[in-house]
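Engineer: First, the structure itself, so that you have it in front of you.
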Amino acid sequence: MPRWLYTVLLTLAFPFVFLRLWLRGRTSPAYRLRWRERLGRAPSDASMLTRPIWLHAVSLGETLAARPLVEAIREHYPDVPLLITTMTPTGSAQVRALWGDDNADFAHVYAPYDFPWAVRRFLAHWQPRALVIMETELWPNTLVAARARGIPVMLANARLSERSARGYERAGLLGAELMRQLTVVAAQDEATAERFCLLGVPSNQVVRTGSVKFDLAVPVHLHDDAARWRVAWSLLQRSVWVAASTHAGEDEIVLAAHRAILQTHPEALLILVPRHPERFDAVAKLISSEGLQAVRRSSHELVGANTQVLLADSMGELLLWLAMAKVAFVGGSLLAPGGGHNALEPLAVGVSTLTGPHYTNFQSINDTLIAAGALTVVSSAAELAQAVLARFDDPELLQRQRAAGAAVMAANQGAVGRQLELLAPWLGEGA
């Protein structure tokens, strides 16, 4: 498909794009807000930045992945303004939670949809010096318009599965044009690097840097904060585990596993962290229907001796919950097609970690972790309960997996520095 045909089809879909936003707003009202930004218009109260680096992170996962790179840019190049865009309210909320409100050297807005006129309006207003796209979010008109204005494009922390590579290959002319717009690809692994080269990106523009996710820095106060919460909630003698980033259909499996755990560990506490805020109320009703005693984080009630589940319906606190636990399960991975979420976050905190079998979004990383004994795969409620109980009852197993995770993390760090080096030509004086 040529790009002109893609643009025609996208233009015809214009009303349906915003109808979808409106419908999603029934469960997540934030989707009905800030539509002007999606059409390339800056909000009236946005900071005026001078030739910022534009970093695009689609949603929550990419925003969290971008954190080490963003903080490295701010540390080493404090005079370079940053414009961070997302596409979803969860990503937007996470940006605000991590970096606060707009100021003289930072702004956050939604990225424009890929209508040529919206992209031109966006670029004319912000005039970025470079575009950094986290992982793989390639919009044809955006990339072509950026390069037409002389804006270099870096694909940071790039990952490309075999399935996605076949999709770009099937796109024909459009896929080939996309690849020509990329100035540099910082690939997470060798397989990703090879796939981009096969799709037409020159090999001298593809660099295997590793994943910035290995460079996650745990806040220095995190474990002290967790210790205070354990005392406040009388958790010192309780077995705590976290089910992080669960998706629809997984919560039932997690709660079934927790009921099994309670049979031998009646003092156990599950901290359940749904991935998407629009599901918080539905998950609360599900927990109640299962007959489990629960507290919602948003209620600010204390976890009591009879509390069996803490529903973590908040943003930006996952690392705190992980630091309070012995075991973590990483969701988005139990049900097909899945794709999984980041298992390195609990490992960075020092938590024994489990995942489901569907983790194609983190294939290379998880395969490395599994081979090292740092990550365990479970496929059902029974297997999940068994794995959690094994770690509750065997401190040596718990410690072995923690140590294996720490070793893998240490061996693979440094991607942030390598990607910052690739960005350096656009960050220095005169860029």
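The values are calculated or read from the model by the stated rules, or taken from the named source; none is laboratory data. This structure is a prediction, so every number in the text was calculated from the model and none was measured. All Cβ positions, even for glycine, are placed from backbone atoms using ideal geometry, and neighbour counts span all protein chains on display. The protein model used for the area step is the full one, side chains on, heavy atoms only, and it has no ligands, DNA or RNA in it. Shrake-Rupley method; radii C 1.70, N 1.55, O 1.52, S 1.80 Å.
Engineer: So Thr27 passes all but one of these: (1) hydroxyl-bearing (Ser, Thr, Tyr); (2) within 20 Å of the chain's Cα centre (by Cα); (3) not in a helix (DSSP H, G or I). Which condition number does it fail?
Structural biologist: Looking at each condition in turn, Thr27 falls short on (2).
Engineer: Now a separate question. Kindly indicate which of Val388, Val377 is under 15 Å from Gly338 (Cβ atoms) and β-branched (Val, Ile, Thr).
Structural biologist: Numbers: Val388 fails: under 15 Å from Gly338 (Cβ atoms).
The match here is Val377.
Engineer: I'm trying to understand the selection: among the residues of segment 127-181, which are over 26 Å from Ile365 (Cβ atoms), part of a loop (DSSP other than H, G, I, E, B) and among the aliphatic types (A, V, I, L, M)?
Structural biologist: Ile151, Ala171
Engineer: Filter segment 35-48 for residues that are within 17 Å of Arg96 (Cα to Cα), part of a loop (DSSP other than H, G, I, E, B) and not hydrophobic (A, V, I, L, M, F, W, C); which is least open to solvent (accessible area, probe 1.4 Å)?
Structural biologist: Ser47
Engineer: Let me ask something else. Could you check Leu173 against (1) farther than 19 Å from Thr142 by Cα; (2) touching a residue at least 40 places away in the same chain (Cβ under 8 Å) and say which number it fails?
Structural biologist: (1)
Engineer: Now for a separate question. Picking from Arg32, Arg24, Arg51, which residue would you name as being charged (D, E, K, R) and either free of Cβ contacts under 8 Å to residues at least 24 places away in the same chain or open to solvent by less than 70 Å² (accessible area, probe 1.4 Å) (or both)?
Structural biologist: It is Arg32.
Engineer: Can you name every one of the helices (runs of 4 or more DSSP H) wholly within segment 325-419 that holds 2 or more residues which are touching a residue at least 60 places away in the same chain (Cβ under 8 Å) and farther than 25 Å from Trp229 by Cα?
Structural biologist: 363-371, 381-393, 395-411
Engineer: Tell me, which residue of segment 182-195 that is in a helix (DSSP H, G or I) and within 22 Å of the chain's Cα centre (by Cα) is farthest from Arg418 (Cα to Cα)?
Structural biologist: Of segment 182-195, the ones in a helix (DSSP H, G or I) are 190-195.
Now narrow it down to the ones that are within 22 Å of the chain's Cα centre (by Cα): 190-193.
Numbers: Glu190: 15, Ala191: 18, Thr192: 16, Ala193: 15 Å.
Of everything passing the filter in segment 182-195, Ala191 is farthest from Arg418 (Cα to Cα).
Engineer: Further, regarding this structure: Spot the failing condition for Val58; the list is (1) open to solvent by 80 Å² or more (accessible area, probe 1.4 Å); (2) under 30 Å from Leu423 (Cβ atoms), and only one is missed.
Structural biologist: Only one criterion is unmet by Val58, namely (1).
Engineer: Only one residue in Ala305, Ala294, Ala348 is within 23 Å of the chain's Cα centre (by Cα) and surrounded by fewer than 23 Cβ atoms within 10 Å (Cβ to Cβ), so which one is that?
Structural biologist: Testing whether each residue is within 23 Å of the chain's Cα centre (by Cα) and surrounded by fewer than 23 Cβ atoms within 10 Å (Cβ to Cβ) leaves just Ala348.
Engineer: Sticking with this structure for a sec: Kindly establish whether Arg279 is at pLDDT below 95 and either surrounded by 15 or more Cβ atoms within 10 Å (Cβ to Cβ) or closer than 15 Å to Gly331 by Cβ (or both).
Structural biologist: For Arg279, the condition - at pLDDT below 95 and either surrounded by 15 or more Cβ atoms within 10 Å (Cβ to Cβ) or closer than 15 Å to Gly331 by Cβ (or both) - is met.
Engineer: Restricting attention to segment 375-395, does a residue exist that is under 17 Å from Glu250 (Cβ atoms) and among the aromatic types (Phe, Trp, Tyr)?
Structural biologist: no
Engineer: When Leu389 is evaluated against the numbered criteria (1) under 30 Å from Pro52 (Cβ atoms); (2) open to solvent by 10 Å² or more (accessible area, probe 1.4 Å); (3) in contact with a helix residue (DSSP H, G or I) (Cβ under 7 Å, 6 or more places away or on another chain); (4) among the hydrophobic types (A, V, I, L, M, F, W, C), which criterion, by number, is the only one it fails?
Structural biologist: So the condition that Leu389 fails would be (1).
Engineer: Is it true that Ala93 is surrounded by fewer than 17 Cβ atoms within 10 Å (Cβ to Cβ) and modelled with pLDDT under 95?
Structural biologist: no
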